[in-house]
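Asker: Sending over a structure as structure tokens; questions will come in a sec.
The values are calculated or read from the model by the stated rules, or taken from the named source; none is laboratory data. None of the values given here were measured: they were computed from a predicted structure. Quick reminder, even Gly has a Cβ in these numbers, built from the backbone with ideal geometry, and neighbours come from all protein chains shown. Quick note on the areas: whole protein, heavy atoms, side chains included, nothing else; ligands and nucleic acids left out. Shrake-Rupley method; radii C 1.70, N 1.55, O 1.52, S 1.80 Å.
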Amino acid sequence: MADKKHILCIGAGYVGGPTMAMIAAKCPDYTVTVADINEERIAAWNSDTLPIYEPGLDALVKQCRGKNLFFTADAISAIRDAYIIFVSVNTPTKRFGTGAGKAANLQYWERCARIIAENADGPRIVVEKSTLPVRAAEMIHKILQANSNGFEFHVLSNPEFLAEGTAIKDLENPDRVLIGSMRTPDGHEAMQTLVDIYARWVPREKILTTNVWSSEMSKLIANAMLAQRISSMNSVSALCERTGADVREVSRAVGMDSRIGAKFLRPGVGFGGSCFKKDILNLVYLCETYNLPEVAAYWEQVVKMNEYQERRFAERIVRSMFNTISGKNITMFGFAFKADTGDTRESPAIYIAKMLLEENANLTIYDPKALENAKKDLDGYENVRFCNDPYEAAKDAHAVAVVTEWQEFAEYDYRKIFSLMAKPAFIFDGRNILDHNALFELGFEVYPLGCQELTHLK
Ligand code: NAD
Ligand code: UGA
């Protein structure tokens with residue numbers, strides 16, 4: 001018989017690992033097991049070098065692992081033991097068949113539903129932790145019931161809003177926890193079970209309960225609206241470069257309107273990460289499925305603007321360097337999709353690097369945490385080198401391009417970097433984290449994002 005105080009999470013990734021570590025830390029009377037088919041990943045979770053870099057995660061895992069937090073490749077035994085089963089497997093964009101390029105690929109989720117149904121020896125609460133299309137719970141419930149040995153399954157939606165790099169802070173002190181359930185007495189009871197877990201550390205007024213479709217929808221819309229703000233500001237950055245306005249000043253002035261707010265108005269080389277693009281495309285596909293082409297086109301433009309911004313950054317490099325970078329050395333500072341993570345999934349850096357390589361540049365890449373992933377992303381490309389030291393990376397470079405907003409990039413000795421580089425020494429700050437006037441004084445040709453360049457070449 002399953003233990004009501006045993007939680008299983010299937011999927012030990014960027015979400016499953018940290019969320020379960022937090023639950024284990026806050027609920028010491030619960031047993032929390034995290035299972036994954038990737039044995040290498042599980043071995044890493046059980047080692048001193050965790051499979052993902054996230055500030056604060058090491059300490060949290062060390063605090064609970066082996067006490068009430070366990071990582072295993074054996075999901076089946078855990079399904080028998082656990083009453084509450086989170087599923088946090090990946091839901092990438094489908095690459096084949098109907099909906100290819102937009103719809104979410106639910107094959108991993110479906111596999112989990114089948115395994116749960118076949119191995120559960122009593123009723124279970126199954127929690128959607130992955131980001132899923134609206135009405136996925138209906139499909140999941142049908143699969144569970146069709147394969148069950150006569151037991152009831154209650155499907156809840158509990159989307160995750162953590163951001164990488166701040167995952168532990170976000171989990172510890174979330175803006176809200178969202179739990180969607182079926183509007184039935186059983187659904188309500190299941191929902192209450194989950195509310196009680198989060199209520200151990202999250203104030204009740206921040207635990208929002210809704211119907212299951214609203215919960216699934218809210219997750220997609222939250223990501224789409226965050227991305228939409230970035231795309232809006234990125235579109236303005238292009239206009240600023242032409243007009244003499246400075247996008248940083250515009251962003252500040254606009255964001256100080258309390259109705260708009262300052263967050264997610266930072267222009268850059270484009271948003272990356274495993275989710276924004278895939279979730280918006282998933283939303284677009286949903287709109288198309290429900291025959292709402294105008295709504296679909298509205299959201300799709302957020303992704304198109306992002307692709308334009310990535311392309312625009314690379315094109316500006318080529319244009320500014322006398323229309324050719326063939327044979328020139330370009331150093332990229334940063335490859336992760338954002339600071340404080342080693343994750344490079346959908347990183348704008350991948351697109352930018354490939355475009356520069358196609359222009360026959362020699363690329364050197366430095367990133368404090370993402371070099372191993374960068375190597376995989378650029379596997380098969382020639383003329384690219386990966387470097388563990390930023391100064392060595394900048395040696396003989398014709399240009400440095402800042403692609404990720406790592407704080408350390410702002411703290412380097414740019415006098416030294418200037419002396420190491422070929423002249424004229426170009427610097428393209430795709431994240432606006434450097435002191436542009438100081439760099440100009442040192443002799444650099446400075447290209448901030450979303451404002452005019454500072455150049456000695458008249
Ligand atoms: P991930 O790829 O890091 O982890 C998913 C894990 O699931 C992988 O380790 C994979 O091996 C495992 N898996 C797949 N099929 C399995 C199976 N049948 N049995 C056992 N394990 C299986 O993905 P992630 O970044 O953790 O994202 C997971 C979900 O959470 C996605 O739907 C994503 O959209 C959503 N999400 C992600 C973030 C984020 O910051 N990464 C934030 C919020 C929501
Ligand atoms: C995002 C959301 O912020 C999370 O709430 C959500 O849970 C998660 O997606 C998800 O569903 O996966 P994440 O992708 O980890 O989190 O990181 P963000 O901080 O949102 O950054 C995403 C991208 O946007 C990064 O490339 C970042 O550099 C870029 N960004 C962010 C900007 O270009 N400008 C900004 O002002 C903010």
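Asker: Where nothing but the Cβ of Lys and Arg (+1) and of Asp and Glu (-1) is charged, how large is the charge dipole of the chain around its Cα centre, in debye to the nearest 20?
Answerer: Taking the Cα centre of the chain as origin, the dipole is about 560 debye.
Asker: Counting only protein heavy atoms and using a 1.4 Å probe, what share of the accessible area of region 283-438 belongs to carbon plus sulfur, as a whole percent?
Answerer: 46
Asker: For region 328-343 and region 171-202, write down the distance between their C-alpha centroids in whole Å.
Answerer: With region 328-343 and region 171-202 each reduced to a Cα centre, they are spaced 38 Å.
Asker: Please give me the summed charge of the neighbours of Ala227: other residues whose Cβ is under 9 Å from its Cβ, Lys and Arg +1, Asp and Glu -1.
Answerer: +1
Asker: Determine, for each peptide in 350-363, 240-253, the mean count of other beta carbons within 10 angstrom over its residues, then list the peptides with the highest first.
Answerer: So the order, starting with the most tightly packed, is 350-363, 240-253.
Asker: Could you compute the net charge surrounding Lys4? Neighbours are other residues with a C-beta less than 13 Å from the C-beta of Lys4; K and R count +1, D and E count -1.
Answerer: Residues near Lys4 contribute -3 overall.
Asker: Same structure, new question: Please report, in whole Å³, the volume per residue of the convex hull around the C-alpha atoms of the chain.
Answerer: With only Cα atoms used, the chain gives 155 Å³ per residue.
Asker: What are the chymotrypsin sites (Phe, Trp or Tyr not before Pro) within region 223-327 that DSSP puts in a loop, where the Cβ has at most 12 other Cβ atoms within 10 Å?
Answerer: In loop regions of region 223-327 (DSSP not H, G, I, E or B), the sparsely surrounded chymotrypsin sites (Phe, Trp or Tyr not before Pro) are Tyr290, Phe322.
Asker: Next question, about the same structure. Within region 159-234, what whole-number % of the accessible surface is contributed by carbon and sulfur, with the 1.4 Å probe and all protein chains included in the calculation?
Answerer: 54
Asker: Now, a different point. Report the antiparallel proportion of the DSSP beta bridges in the chain as a percent, rounded to a multiple of 5.
Answerer: Of those bridges, close to 5 percent are antiparallel.
Asker: A follow-up question, please. Over region 145-302, average the accessible area per residue using a 1.4 Å probe and give it in Å², no decimals.
Answerer: 49
Asker: Hey, another quick one. If you average the alpha carbon positions of region 94-125 and of region 129-169, how far apart do those two centres end up, in angstrom?
Answerer: Computed from Cα coordinates, the inter-centre distance equals 10 Å.
Asker: So if I take the centroid of the Cα atoms in region 390-412 and the same for region 231-269, what is the distance between those two points in Å?
Answerer: After rounding, the separation between the Cα centres reads 24 Å.
Asker: Holding the Cα-Cα limit at 19 Å, pick out from Lys62/Lys206; Lys26/Lys169; Lys5/Lys26; Lys102/Lys278; Lys169/Lys206; Lys278/Lys354 the pairs that are longer than that.
Answerer: Pairs exceeding 19 Å: Lys62/Lys206; Lys278/Lys354.
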